[in-house]
Structure formats: C-alpha cells, structure tokens
Amino acid sequence: MKVALDVSAVPVRVAGAGRYVVELARRLPLRDQDVTLVTRRDDAERWRALTTTTSIATLVPSRRAERLLYEAWRLGRSDVARDVDVWHSPHYTMPHRCAAPTIVTIHDMTMFTNPEWHERSKVAFFRRAISYSATHANALICVSEFTARQLDTIIPRHAPIVVAPLGVDLTTFSPDASGDEDLFLRHGLPFDVPYVFFLGTVEPRKGLDVLLEAFAQLSRDDNVTELWIAGQAGWAMKGFDQALARNPGTARIRRLGFVDEALVAPLLRRASVVAYPSRGEGFGLPVLEALACGALVVTTSDTVMAETGADAVLLAPPGNADALAQQLDVALGLDQAQRAQHSLVARERASAFTWDEMVSRHLSAYETAKG
C-alpha cells in the first residue's frame, strides 16, 4: 500500500504525540508499506536520519500559520496526495478536499472537555479542526478507548474509529540499570539520591501545581528525597515558576528541562517513584514507559492513565494534593521485596502494549479508509 504520512507538525524536540509519529514513520516501512513522509521544507534531513526506507516530500511551509493554511487548502491536491492509496494526518487536522482517502488521528478531546487546560487561541482552532476531521475523514484513529468514548459522546456522527493504543520499546525501557551510573555522572546527576520523578511538558493540565504541593507536604518529614522535573516548557510558565519559588522544599527540586532520549529510561527506572498527576490525557505515554522500566508509578484516577496502568499503578484523584502526597508516601515506604514484586507486575502490564500491535491496527484503519 502507498501511504503518505504527514509529519510536518512534529517539533524538533520530540515528546508525547511526536513520539507516536516517529515510531509510526520508522515501523510502517518494516511492514512492507510504501511510505512517503510529508515534511516541512526545512526538516527533511532529520527524517532521513530517523528512517532510511521511505521517500521524503518537502512540501509544507515551516511557519505554523502558513503550514496550517497550506495543509487545509493545497496539500490535499498535491502530486503526492494524487499518487498514494491513503493519506494519514496524525495530529487532529487534515487537508480539505484530499485526493486520497484520509485517516486522522485524534489523540484526546480535552479541547472540548476542559478548554481551560489549553491556550485560548488553540482551543477555537482545534475544536473546528477536530469536528471537521471527525466528519470528513474516511477513518479515524484514537490512541485509547478513553478518547474513542469521549469522541462518541461529543461528536456522535463521525467516521469509523479504529482504536490503536500506543506502545513501548521493552528493550529500551526495561529494569536493566547497567550503565546508568556512568550516564548520570556524564549529565551531572547524583546517582545515590532518592527522588520522585516527573516527565512531561510543563503546562497546567499536567498537575505540576498539585505535585509541588504534595512534595511540600512530604518534605516536612522527609529531608532526603528530591523532586526531579524533566520536560520542555509549555505555556503558563509564570504560575509554575512562582509556585516553585515559594515551595518550602524548593532547595531539593531539580528542573532538568528537556532531557536526551538516552537519559529518559534511566531516569524512570532509578526513580524512587514516578509521579504523573496529569488531570487528563489521550494516553499518557510516560506512565507506560515507567511501567516498562519496572518503576513505581502514582498517577490520577478516572483518567486514561488509570486504564493504561490498571493494577500496576497507585492512584490519587486529579487535583488532590493531600491524596497524592499520601500515595507518594506509600510508594516511598515500600521495602525492597515489595518493590521487586511491583516491578514484575508493572513490567507484565507494559508488555501488553507494543508498537507492532499499534502499527497493525493502523493498517486496519488504512484498509477501512480505502474501502
């Protein structure tokens, strides 16, 4: 099958939904698909380095506003669109009047359910884009049953949905800590300090305000454990910076910023506990990656992370700092035997999610769109 995959929305620093697109771009050609990656005009070299078995079409303008306008009105009539069997837009939006059957990935519906979690300008745009895609695409991919249920409720009349949960590389993300100490030292990180670890974009919906308050409570009785926060800056950073500055445990809070890909798994598996108190996601990939590393994970109830983690995670209600502090304290108090048992449960749960299965479900969606 000839597939066009639009990767033009993936930033240079890959995280979250970007990781999904990268894995798809790498793995589709391995399933005997004739793939053309549609990139920004200044972004071809990066994608050539990521996958060597695909064609590159440098069609899309680099500036965001021009890119979205070009996608809507010109990209669907390009020579690439006319030459492929299916066109896959993996980030909510799609070309209007596309020459090929079109598949669109819907990651989450939080623009509808919780617009306060996003920048106001993006809410209006993505609500229109998701509504258009849901009713004009030939098939939709949702990255979780959670998202599919919300889509059914909010936009009942929509294209056929294929649910394709994200996966994890069980070799990269594993409990094997050999080599981690040298890697920590090369990055200037102490190897013998217990820490609570957060990984994700720093923005309001991630619940970092709740995590900071919970850590302040822990710090009253624990003067050793640190809080390490990894992830690139998002929006509304002023509020986060202010909360961090006035936190009584601020001397033991490390902001790591965006970390190298090679450092992510070591940080997850070395953590005393991984905290992911997000108020809402489409999938919550850091939770799955942490489980694959055998880590203790505390995340939020009544969310997709609770469904992904099942009985392998500890849960606290979203926005509840007291409950989060209690669950972190429980996790930090487990002995080595309890941790070892939990690691086995976590690893077993993570093994249910593979990138290969995700690709198989995408191929099913492509066939649906063609039909």
Over the chain: helical MRE at 222 nm, DSSP H runs n ≥ 4 each giving -39500 (n - 2.57), nearest 500
-12500 deg cm²/dmol
Considering the chain as a Gaussian network with a 10 Å cut-off on Cα pairs, which listed residue, GLN33, GLN336, GLN326, attains the greatest mean-square fluctuation?
GLN336
Under a crude label model (7 Å from the Cα following the beta-carbon direction), how far is ASP42 from ASP85 in nanometres?
3.6 nm
Within the stretch 280-295, find all residues whose amide N lies under 13 Å from a label point positioned 7 Å from the Cα of SER360 along Cα-to-beta-carbon.
none
Report relative contact order for the chain in percent, whole number only (criteria: Cα-Cα under 8 Å, sequence separation at least 6).
15 percent
Exposure proxy order (Cβ contacts within 10 Å, fewest to most) of TYR132, TYR276
TYR132, TYR276
Cβ-based net charge around TRP73, under 15 Å, with every Lys or Arg adding one and every Asp or Glu removing one:
+2
Extension reserve of the ALA72-ASP322 stretch, reckoned as 0.36 nm per residue once the Cα distance is removed:
85.4 nm
Label the stretch 16-150 by shape, choosing from rounded, prolate and oblate, from the square roots a ≥ b ≥ c of the eigenvalues of the Cα gyration tensor; if a/c is under 1.5 it is rounded, and otherwise prolate applies when a/b is larger than b/c, oblate when it is not.
prolate
Set Lys and Arg Cβ to +1 and Asp and Glu Cβ to -1, take the dipole of the chain about its Cα centre, and tell me which of SER351, PRO317, VAL7 lies farthest positive.
VAL7
Over the stretch 180-350, what is the mean sequence separation of C-alpha contacts under 8 Å (at least six apart), divided by residue count, expressed as relative contact order in percent?
23 percent
Length gain on complete extension for the stretch VAL12 to ASP329, per 0.36 nm per residue less the alpha carbon to alpha carbon distance?
110.4 nm
Which ordering of LYS238, LYS122, LYS206 is given by a fewest-first count of other beta-carbon atoms within 10 Å?
LYS238, LYS122, LYS206
So which lysines pass the test for LYS2, namely a Cα distance under 28 Å, with those fewer than 8 places away in the same chain ruled out?
LYS370
Which value, in debye to the nearest 20, describes the size of the charge dipole of the stretch 180-350 about its Cα centre when Lys and Arg Cβ atoms bear +1, Asp and Glu Cβ atoms bear -1, and nothing else is charged?
300 debye
Using a Gaussian network for the chain with springs between C-alpha atoms less than 10 Å apart, which of these wobbles most: SER78, SER219, SER351?
SER78
About the Cα centre of the chain, how large is the charge dipole given +1 on each Lys and Arg Cβ and -1 on each Asp and Glu Cβ? Please answer in debye to the nearest 20.
1420 debye
Would you mind calculating the gained length between ARG31 and ALA243 on full extension (0.36 nm times residue separation, minus the Cα-Cα distance), in nm to one decimal?
71.5 nm
Charge dipole (debye, nearest 20) of the stretch 117-198; +1 at Cβ of Lys and Arg, -1 at Cβ of Asp and Glu:
940 debye
Residues THR201, THR135, THR105, THR52 arranged by fewest to most Cβ contacts within 10 Å
THR52, THR135, THR201, THR105
Cα gyration tensor shape of the stretch 180-350, rounded if a/c is under 1.5, else prolate or oblate by comparing a/b with b/c:
rounded
Per its Cα gyration tensor (rounded if a/c is under 1.5, else prolate when a/b beats b/c, else oblate), the stretch 93-146 is best filed as oblate
Which residue, VAL104, VAL12, VAL264, tops the fluctuation ranking in a GNM of the chain built on C-alpha contacts under 10 Å?
VAL12
Pair GLU119, LEU170: separation of 7 Å Cα→Cβ label points (nm)
4.0 nm
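None of the figures in this text is laboratory data; all of them are computed from the coordinates on show. Remember, it's a predicted structure, so these values are computed and weren't measured experimentally. Note that we place each Cβ from the backbone using ideal geometry, even for glycine, and neighbour counts take in every protein chain shown.
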